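Worksheet: one structure, shown below.
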Amino acid sequence: MTREPPKLPPKLIVAVVGHTNTGKTSLVRTLTRDTGFGDVSNRPATTRHVEGTELLVDGQPLVELYDTPGLEDPMGLLEHLESLRGDRRCDWIEVIKEFLAEPAGGAFGQEAKAIRQVLASDVALYVIDARDRVLGKHRDELEILGRCARPVVPVLNFTASAEARTAEWREHLARINMHAVAEFDTVVVDESSEQRLFEKMRTLLDRFRPALDALLADRARQRAGLINAAAEMLADLLIDVAACRMTVPEQDIDRRDISLDQLKQIVRQREQQCVGALLELFRFNGDDYEEDALPIRGGQWGSDLFSPASLRAFGIRASGGAAAGAAAGLAIDAITGGLTLGAAAALGATLGALWSGFGSHGRRLADVFRGYTELRVADETLRLLAARQVELIAALLRRGHASQDKLRLNTEAEARRSVWVSAPLPDEIEDARFHPEWSNLNGNTGGAMVDRSAVRDRLAERIVRALTLPVVVAG
Ligand SMILES: Nc1nc2c(ncn2[C@@H]2O[C@H](COP(=O)(O)OP(=O)(O)OP(=O)(O)O)[C@@H](O)[C@H]2O)c(=O)[nH]1
Ligand SMILES: [Mg+2]
């Protein structure tokens, strides 16, 4: 029996239009999550041709988006349309079609490309640089679009800028009967502005409600999935590092110093692996984060995880009696009679019992450790690891794929950081401290570890809560 393929909702075709340099291409990049789409530059007239792309839901294209060249001479075009119409009383759309029938749009080649696409679309997104005053050129452009007999959704871009004249624009647009206005900033995108943009389109386009609903639901799912996956990566990192330890003979200071360096190196690499995985998860490629937005440069944290300056930058204080010099950011515990001091104090357990996770190795290890020193990563380093990865994830979540500016979100970053900086470290991290077998950095081969997965999941949930923290902006 052959099953009917599921019926797809009608595909929505969207033209992105506006004056040159208002961020049309940037908007398409952001909505498609495709940093490679088109060319973005602060020079005018960057886009010279109409270029299309699709928004997919479950592999099905539900929306087609067309980027268009900027409108450069709306006043001239308006006059041209007036003269084409002359004394006739025909609908403007007829005049527009006559204009488009002129060879290459006459003197208005760029405009003709954009307007032809508007006519071939179900809706036009009219992108406005909200830092501009409402000028004659905007009025003319809106007038021309009004003659194309297509619904228009004005999109106020650059709204995160201090110079944005959002209220002024809204007032003007309301006066010309445009009430479904979307606000956006292609650099500082939060999911709600994107959601509202699709909702505004939905109010004007009843026929495409199923496509837009599916898209909205899919975007929400994708975001939740991204947050969960990122939180799991960070939880894995923290458990690997918290549970990581090295032992060196108590008397052998040279070996100890070499091991300290090795331990740092292993932890640095593990952090870098996490950063790489996060960037990949968010589909940012090498060139994107060079010049802008992310708190990292060239895919790396510029400042060393073990430098006191890095701790200070995140407002983290080194724990009391913290090791300095080679051991900065690490903790060194003497092991006496088979006990680590830290472990014994915290658990009152013998090392043998404590390391029972090693199974048959437990006893041998306990013997070997007599007269040894144990190196592990200090609390402040774990705080810093957590705080900076949370900051990176938050920036990746917020950043528009078109971003070319440095992102400043200090208030929000502060709120997220404080969770890791001053509060006691989560129980899950304390647990990991006593389970060296949980760390993939201890040369363990992994294998199924029910306890580790349960703790990892709980820690990941905690990180998700920190990432979705409602931010109270002071003042
Ligand atoms: N800060 C900030 N910059 C933006 C925003 N949107 C676009 N830009 C920048 O503005 C400049 C123009 O962006 P484009 O996307 O090339 O603009 P366009 O409308 O496609 O330009 P043309 O193709 O030339 O008509 C680029 O330097 C973008 O990085 C925004 O919301 N905020
Ligand atoms: Mg462009």
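The values are calculated or read from the model by the stated rules, or taken from the named source; none is laboratory data. Predicted model only: the values in this text are computed from it and were never measured. Here the Cβ positions follow ideal geometry from the backbone for every residue, glycine too, while neighbour counts run over all protein chains shown.
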Selection count, region 165-204, where residues are closer than 15 Å to Leu135 by Cα and either in a loop (DSSP other than H, G, I, E, B) or within 16 Å of ligand 2 (Cβ to nearest atom) (or both): 2
Total residues in region 41-60, condition crowded, with 18+ Cβ neighbours inside 10 Å and modelled with pLDDT under 90: 0
Residue that is farthest from ligand 1 (Cβ to nearest atom) [pool: residues in region 67-92 that are among the aliphatic types (A, V, I, L, M) and farther than 17 Å from Ala15 by Cα]: Leu84
Selection from region 24-53 of residues that are more than 8 Å from ligand 2 (Cβ to nearest atom), assigned to a loop (DSSP other than H, G, I, E, B) and either closer than 16 Å to Tyr126 by Cβ or not assigned by TED's automatic domain parsing to the domain that holds Glu64 (or both): Val50
Residue within region 54-66 that is touching a residue at least 12 places away in the same chain (Cβ under 8 Å), assigned by TED's automatic domain parsing to the domain that holds Ser161 and within 16 Å of ligand 1 (Cβ to nearest atom) present: yes
Filtered residue count, region 1-23, keeping only those that are within 24 Å of Pro151 (Cβ to Cβ) and more than 14 Å from ligand 2 (Cβ to nearest atom): 7
Residue within region 144-156 that is over 36 Å from the mean Cα position of the chain (by Cα) and farther than 21 Å from Val16 by Cα present: no
Unique match (being within 25 Å of Asp218 (Cβ to Cβ) and in contact (Cβ under 8 Å) with a residue 12 or more places away in the chain) among Val14, Val50: Val14
Region 1-40, subset among the charged types (D, E, K, R) and near ligand 1 (Cβ under 8 Å from one of its atoms), residue modelled with the highest pLDDT: Lys24
Qualifying residue in region 75-97 (condition: farther than 25 Å from Phe208 by Cα, among the basic types (Lys, Arg) and assigned to a loop (DSSP other than H, G, I, E, B)): yes
Qualifying residue in region 133-144 (condition: in a loop (DSSP other than H, G, I, E, B) and either within 16 Å of ligand 2 (Cβ to nearest atom) or among the acidic types (Asp, Glu) (or both)): no
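Say we look at region 61-87 and pick out the residues that are hydroxyl-bearing (Ser, Thr, Tyr) and within 16 Å of ligand 2 (Cβ to nearest atom); which of these is surrounded by the most Cβ atoms within 10 Å (Cβ to Cβ)?
This residue is Thr68.
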